[in-house]
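Down below is the structure, laid out as structure tokens.
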């Protein structure tokens with residue numbers, strides 16, 4: 001029989017590739033010429049000699065090796081081949097690993113992501129990695145029931161992210177449905193959580209909606225002491241009321257100053273992936289004031305790609321938070337006005353304060369155009385005339401509001 005000391009001192013003769021050092025009950029330590037040591041138990045099955053690996057020494061000590069031998073011998077005496085039993089166990093564990101919530105979620109993401117927009121695919125994966133994988137990711141999907149899923153989502157609610165909680169429940173539901181479709185799941189507990197989550201109260205982007213408040217902002221713009229490009233970006237945001245992401249990443253290649261037109265390519269728009277790839281561009285007629293601002297900006301940034309480049313360089317556009325930070329510095333906090341609020345500001349003030357404004361034309365300029373023939377009509381030449389008129393009258397209105405004049409009519413922009 002072996003001892004701990006014998007195991008430590010066991011060496012392979014120099015003239016052999018390996019040597020065996022026997023213990024009791026057909027257990028032995030095999031020492032290779034390289035010095036590595038491994039435990040094996042020898043047994044017979046079907047008239048053939050077999051051996052079961054029990055681990056490497058010294059990770060598996062003498063006592064543990066004997067316990068492994070005894071466990072394997074009991075299996076063998078009960079009619080089970082230990083080597084086959086281990087193969088079955090490994091296959092079972094591999095199947096379980098392939099059928100965990102995380103494995104199936106990643107598989108689904110790999111299938112769906114090519115058809116999603118890049119931002120949605122990234123957001124989907126980020127959400128499940130952060131809010132589901134740490135709690136239910138390692139579990140076989142059949143073991144994730146409604147209470148287990150709810151406990152994970154309650155953590156999201158606990159940090160005050162009720163909208164994200166509802167989104168993650170929806171994402172989980174997609175995973176469970178896919179598991180059922182591929183024969184690896186039985187139920188969809190995400191569906192059972194409908195009504196169990198805290199309701200999400202929609203909070204609209206804060207915006208200035210009274211003419212006197214808009215005037216206050218317009219008068220504040222010249223007092224901005226930061227980068228000159230930032231104040232131009234704010235002024236154009238008020239005048240053109242496009243999404244902040246589009247405004248900060250404006251490219252000179254999209255702007256035709258002679259034709260007074262900004263053309264946002266489909267891939268830059270907030271659309272599903274099909275719309276980004278196959279949809280039409282979004283046209284923004286430029287009023288005279290916008291053309292003048294952009295011409296004045298040409299000497300500053302016209303040699304680069306972006307109209308509003310990052311002050312840090314690197315060929316990047318203005319950062320996400322620049323416009324909101326500028327609004328804060330001008331005295332407009334996040335509960336009063338945001339960069340996204342310019343859109344609601346324009347829509348509300350035009351409809352309520354400028355007689356003759358056609359809401360459908362405004363929606364077209366907001367890129368809220370409906371799909372189908374009605375939406376496409378607003379891109380045709382005759383409707384583009386209305387859109388040009390709308391943009392010019394809005395810019396004139398802002399000038400007159402800033403200067404203290406009365407509201408002006410927009411009869412020419414009626415359909």
Checklist entry - Only one residue in 327, 300 is within 21 Å of residue 239 (Cβ to Cβ) and crowded, with 20+ Cβ neighbours inside 10 Å, so which one is that? => result 327
Checklist entry - Which condition number does residue 314 fail, the rest of (1) in contact with a helix residue (DSSP H, G or I) (Cβ under 6 Å, 6 or more places away or on another chain); (2) on the phi > 0 side of the Ramachandran plot; (3) loosely packed, with under 15 Cβ neighbours inside 10 Å being met? => result (1)
Item to check | Filter result for residue 229 (in a helix (DSSP H, G or I) and at pLDDT 90 or above) | outcome: yes
Item to check | Boolean, residue 246 is under 30 Å from residue 104 (Cβ atoms) and without any contact (Cβ under 8 Å) to a residue 24 or more places away in the chain | outcome: no
Next on the checklist: Can you confirm whether residue 2 is more than 16 Å from residue 72 (Cα to Cα), buried (at least 17 other Cβ atoms within 10 Å of the Cβ) and at pLDDT below 95?
Outcome noted: yes
Checklist outcome for this item: Counting only residues in the range 162-194 that are in a loop (DSSP other than H, G, I, E, B) and in contact with a helix residue (DSSP H, G or I) (Cβ under 9 Å, 6 or more places away or on another chain), the one nearest to residue 146 (Cα to Cα) is identified as 193
Next on the checklist: For the range 134-160, which positions are within 21 Å of residue 196 (Cα to Cα), in contact (Cβ under 8 Å) with a residue 24 or more places away in the chain and within 22 Å of the chain's Cα centre (by Cα)?
Outcome noted: 136, 149, 150, 153, 155, 156, 157
Checklist entry - Here are some conditions: (1) buried (at least 20 other Cβ atoms within 10 Å of the Cβ); (2) touching a helix residue (DSSP H, G or I) at 6+ places or on another chain (Cβ under 7 Å); (3) outside any helix (DSSP H, G or I). Residue 247 meets all but one. Which one does it not meet? => result (3)
Checklist entry - Does at least one position in the range 369-389 carry a residue that is assigned by TED's automatic domain parsing to the domain that holds residue 216, part of a helix (DSSP H, G or I) and at pLDDT 90 or above? => result yes
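Those residues that are in contact with a strand residue (DSSP E or B) (Cβ under 8 Å, 6 or more places away or on another chain) and in a helix (DSSP H, G or I), I need them from the range 3-17; list them, please.
So in the range 3-17, the residues in contact with a strand residue (DSSP E or B) (Cβ under 8 Å, 6 or more places away or on another chain) come out as 6-7, 10-13, 17.
Those that are in contact with a strand residue (DSSP E or B) (Cβ under 8 Å, 6 or more places away or on another chain) and in a helix (DSSP H, G or I): 6, 7.
Yes/no matrix, rows are residues, columns are (1) in contact (Cβ under 8 Å) with a residue 60 or more places away in the chain; (2) touching a strand residue (DSSP E or B) at 6+ places or on another chain (Cβ under 6 Å); (3) farther than 25 Å from residue 386 by Cβ:
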{"position": "228", "(1), (2), (3)": "yes, no, yes"}
{"position": "231", "(1), (2), (3)": "yes, no, yes"}
{"position": "239", "(1), (2), (3)": "yes, no, no"}
{"position": "257", "(1), (2), (3)": "no, no, no"}
{"position": "268", "(1), (2), (3)": "no, no, no"}
{"position": "290", "(1), (2), (3)": "yes, no, no"}
{"position": "305", "(1), (2), (3)": "no, yes, yes"}
Next on the checklist: If I filter the range 53-61 for residues that are in a helix (DSSP H, G or I), touching a residue at least 24 places away in the same chain (Cβ under 8 Å) and touching a helix residue (DSSP H, G or I) at 6+ places or on another chain (Cβ under 8 Å), do I get at least one hit?
Outcome noted: no
Checklist entry - Looking at this structure, is residue 337 at pLDDT 90 or above and within 13 Å of residue 242 (Cβ to Cβ)? => result no
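The values are calculated or read from the model by the stated rules, or taken from the named source; none is laboratory data. This one's a predicted model, so the numbers in the text were calculated from it and none came from an experiment. Counting neighbours? That spans all protein chains shown, and the Cβs are built from the backbone with ideal geometry, glycine included.
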